[in-house]
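To keep things clear, I will list the structure first and then write my remarks on it.
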Amino acid sequence: MKIYLASGNKHKKREMSELFPEHTIVIPSDENIEFDPEETGTTFYENSIIKAKALYDIVHCPVIADDSGICVDGLNSAPGIYSSRYAGPDFMQGKPDGSKISQEEQNLFLIQQLNDAIKNNSLPKSEYKNGPRSCHYTCAMVFYAGFDRIFVAQETMEGVLIDSIEKAAGNGGFGYDPIVFLPEYNKTIAQITAEEKNKISHRGKAVRAIKKIIENF
């Protein structure tokens, strides 16, 4: 089946193609479709629905959309839905002019921000699965087959934010992966193989739930 992926991210297309080898995954730019919907939701789920519907209204074919990001427990789950726009503690939801900083700067800012929160004893009072540096990725995935045919799965992947940018490691994955440590692997996400990541990742787990739906579609 040809399935459109509501994203302009080629890294995400590659991951999804690996997770859906029996289907053809197409992103808008593959067919010269202009696609840049305004993500006005307040949750991962809301943003995934916005993207899915926007692309479906153009192509009128099944669409998969997801919204994902990193949530640092000690920063009240920030940057969360603003992960791609995050520009440090002064611009938690992105810069007013819409410009973005590099991923390397995002990684550095996020580590420093959590370090400062720990140093200043300003962490929210709650239980931390992996200690004060615990974090997780969240992925809300939608299979949109029409206005009244919408299927959703939301999953997480737990990890630990490293305490120094010098400890960033790995060339795999993308985004914040080099600074998220997986205790069970004793590696960062960027150091494990694509197969290992797909097995445990937020997106991989959400895909498996959606795949069961698509198989019976």
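Name the residues in the stretch 51-66 that are open to solvent by 10 Å² or more (accessible area, probe 1.4 Å), touching a residue at least 24 places away in the same chain (Cβ under 8 Å) and not in a loop (DSSP other than H, G, I, E, B), would you?
Within the stretch 51-66, K51, K53, A54, Y56, I58, V59 qualify.
Let's see how each residue does on (1) outside any helix (DSSP H, G or I); (2) in contact with a Gly (Cβ under 8 Å, 6 or more places away or on another chain); (3) of a type in the set (S, T, Y):
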| site | (1), (2), (3) |
| --- | --- |
| E104 | no, no, no |
| A117 | no, yes, no |
| L123 | yes, yes, no |
| C135 | yes, yes, no |
| T156 | yes, no, yes |
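Contact list please: Cβ distance under 6 Å, first residue in the stretch 160-178 and closer than 18 Å to G131 by Cα, second residue assigned to a loop (DSSP other than H, G, I, E, B) and modelled with pLDDT of 95 or more, pairs at least six apart or on different chains.
V160/R133; L161/R133
Tell me which residues, restricted to the stretch 92-108, are surrounded by 16 or more Cβ atoms within 10 Å (Cβ to Cβ) and within 21 Å of F44 (Cβ to Cβ).
Those that are surrounded by 16 or more Cβ atoms within 10 Å (Cβ to Cβ) and within 21 Å of F44 (Cβ to Cβ): M92, G94, Q106, N107.
Look at A87 and say whether it is of a type in the set (G, A, S) and in contact with a Leu (Cβ under 6 Å, 6 or more places away or on another chain).
Taking the combined requirement at face value, the residue does not satisfy it.
Select from the stretch 109-121 the residues that are among the polar types (S, T, N, Q) and open to solvent by less than 70 Å² (accessible area, probe 1.4 Å) and list them in ascending order.
Once the filter is applied, which keeps residues that are among the polar types (S, T, N, Q) and open to solvent by less than 70 Å² (accessible area, probe 1.4 Å), the stretch 109-121 yields Q113, N115.
Search the stretch 32-50 for residues being in a loop (DSSP other than H, G, I, E, B) and open to solvent by 60 Å² or more (accessible area, probe 1.4 Å), and hand back the single one that is farthest from E155 (Cα to Cα).
Top of the filtered list is N32.
Within the stretch 160-191, count every residue that is surrounded by fewer than 22 Cβ atoms within 10 Å (Cβ to Cβ) and either in a loop (DSSP other than H, G, I, E, B) or of a type in the set (K, R) (or both).
So the count comes out to 17.
Looking at the stretch 102-117, is at least one residue over 24 Å from M157 (Cβ atoms) and modelled with pLDDT of 95 or more?
Checked the stretch 102-117: at least one residue is over 24 Å from M157 (Cβ atoms) and modelled with pLDDT of 95 or more.
The values are calculated or read from the model by the stated rules, or taken from the named source; none is laboratory data. Worth saying up front: this structure is predicted, and the values here are computed from it rather than measured. Positions of Cβ are backbone-derived with ideal geometry, glycine not excepted, and every protein chain shown enters the neighbour counts. Areas reflect the complete protein model, heavy atoms only, side chains present, ligands, DNA and RNA absent. Shrake-Rupley method; radii C 1.70, N 1.55, O 1.52, S 1.80 Å.
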